[in-house]
Amino acid sequence: MFRRREVTVLRTGRPEGPTGIYIIDPVRSTIGFSVRHAAIACVHGRFTAFEGILKLDGSRPTRSEIHLSVQTGSLDTGSPEQDTHGTGPDCLDSATFPLMTFRSTGIRDAGAERYRVAGRLRIKGLELPVHIDIERGRASRDVHGEDRVGFVGTTVVHGSDRGLGAGPAPATGGSPTGDEVRLTLGICAVQVRRAESA
């Protein structure tokens, strides 16, 4: 017979995830996009300059927060002609609107480390409601003793419906009706140590 004080009760609930403030590591992260519209089947690219902060609550992930800022002028499609068009006034208008931002307003647990993040995407002076479906990767500690966590996510914005159409594509012309912009996130974030955040 076990004595009461000798019995160890094992917790079978969901293990806590990473907790604290994490800064996005731009070197190990990617923000990509693909644009589909009537003029061109699909244009792929990425943004090369961005930053963000994650406020993670491991015991209650739905209380976490995400803030992201992207420099629209850092668009890179691999084609100088497409880059000029994409950052020009017909598209992102980077000269007038140098930043695209996202802030979460709510997070829903979808199970198996998957979450649906509701938020506001601010682009070209407009603030649009969007949802990002994300999956959390494994948290780990690197060789330098820094705690890291990864996420992958996707969201779709219909540009033409919001007045963000891509305009006639260079060398092809045509209507941008039905533009679909898919953003893909591959995020690696490193935890800010208490001494650094003080």
Report, ordered by the first and then the second residue, all pairs with beta carbons closer than 7 Å, sequence separation of six or more or different chains, a first member in region 89-106 that is touching a residue at least 12 places away in the same chain (Cβ under 8 Å) and under 30 Å from Thr62 (Cβ atoms), and a second member that is hydroxyl-bearing (Ser, Thr, Tyr) and surrounded by 15 or more Cβ atoms within 10 Å (Cβ to Cβ).
Leu99/Ser69; Leu99/Thr72; Met100/Thr72; Thr101/Ser69
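For Ala38, indicate whether it is at pLDDT below 60 and not basic (Lys, Arg). It would help to see each step written out before you state the result.
On the way: at pLDDT below 60: yes; not basic (Lys, Arg): yes.
Spelling it out, Ala38 is indeed at pLDDT below 60 and not basic (Lys, Arg).
Considering only residues that are surrounded by 13 or more Cβ atoms within 10 Å (Cβ to Cβ) and of a type in the set (Ser, Thr, Tyr), look in region 1-35 and name the one that is modelled with the lowest pLDDT.
First, pick out the residues of region 1-35 that are surrounded by 13 or more Cβ atoms within 10 Å (Cβ to Cβ): 17-26, 28-35.
This time we only want the ones that are of a type in the set (Ser, Thr, Tyr), so: 19, 22, 29-30, 34.
Details: Thr19: 94, Tyr22: 97, Ser29: 97, Thr30: 97, Ser34: 89.
Only one residue tops the list, namely Ser34.
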I need the full set of residues from region 163-191 which are within 18 Å of Val43 (Cβ to Cβ), open to solvent by 40 Å² or more (accessible area, probe 1.4 Å) and modelled with pLDDT under 85, in order please.
Pro168, Ala171, Thr172, Gly174, Ser175, Thr177, Gly178, Glu180
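For region 126-158, which residues satisfy the criterion of being of a type outside the set (A, V, I, L, M, F, W, C), open to solvent by 50 Å² or more (accessible area, probe 1.4 Å) and within 15 Å of the chain's Cα centre (by Cα)? Spell out the reasoning first.
Kept after step one, since they are of a type outside the set (A, V, I, L, M, F, W, C), are these residues of region 126-158: 127, 129, 131, 133, 135-138, 140-142, 144-148, 150, 153-155, 158.
Next, from what is left, pick out any that are open to solvent by 50 Å² or more (accessible area, probe 1.4 Å): 127, 129, 131, 133, 135-136, 138, 140-141, 144, 146, 154, 158.
Matches in region 126-158: Pro129, His131, Asp133, Glu135, Arg136, Thr154.
When the residues of region 84-125 are narrowed to those that are of a type in the set (Gly, Ala, Ser) and within 18 Å of the chain's Cα centre (by Cα), which ends up least open to solvent (accessible area, probe 1.4 Å)?
Of all residues in region 84-125, those of a type in the set (Gly, Ala, Ser) come to 86, 88, 94-95, 104, 106, 110-112, 118-119, 125.
If we keep only those that are within 18 Å of the chain's Cα centre (by Cα) too, we end up with 104, 106, 110, 118-119.
Details: Ser104: 21, Gly106: 28, Ala110: 63, Ala118: 26, Gly119: 4 Å².
So the residue we want is Gly119.
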Give the residue, chosen from Glu81, Glu51, that is part of a strand (DSSP E or B), under 20 Å from Gly32 (Cβ atoms), open to solvent by 40 Å² or more (accessible area, probe 1.4 Å) and of a type in the set (D, E, K, R).
Glu51
Taking region 38-48 as the search range and keeping residues that are open to solvent by 50 Å² or more (accessible area, probe 1.4 Å) and not in a loop (DSSP other than H, G, I, E, B), which one is farthest from Arg120 (Cα to Cα)?
His44
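Identify all residues within region 54-78 that are part of a strand (DSSP E or B) and either surrounded by 15 or more Cβ atoms within 10 Å (Cβ to Cβ) or without any contact (Cβ under 8 Å) to a residue 12 or more places away in the chain (or both); write none if there are none. Can you show your working first?
Restricting attention to region 54-78, the residues satisfying the condition of being part of a strand (DSSP E or B) are 54-56, 65-71, 75-76.
The answer is Leu54, Leu56, Glu65, Ile66, His67, Leu68, Ser69, Val70, Gln71, Leu75, Asp76.
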Could you give me the residue pairs with C-beta distances under 6 Å whose first residue belongs to region 118-142 and is part of a loop (DSSP other than H, G, I, E, B), whose second residue is at pLDDT 95 or above wherever it lies, and which are 6+ apart or on separate chains?
Lys124/Phe97; Gly137/Gly150; Ala139/Val149; Asp142/Arg148
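The values are calculated or read from the model by the stated rules, or taken from the named source; none is laboratory data. Values in this document were obtained by computation on a predicted structure and should not be read as measured data. Every residue, glycine as well, gets a Cβ built from its backbone with ideal geometry; the counts of neighbours run over all protein chains shown. Heads up: the accessible areas ignore ligands, DNA and RNA and are worked out on the full protein's heavy atoms, side chains in. Shrake-Rupley method; radii C 1.70, N 1.55, O 1.52, S 1.80 Å.
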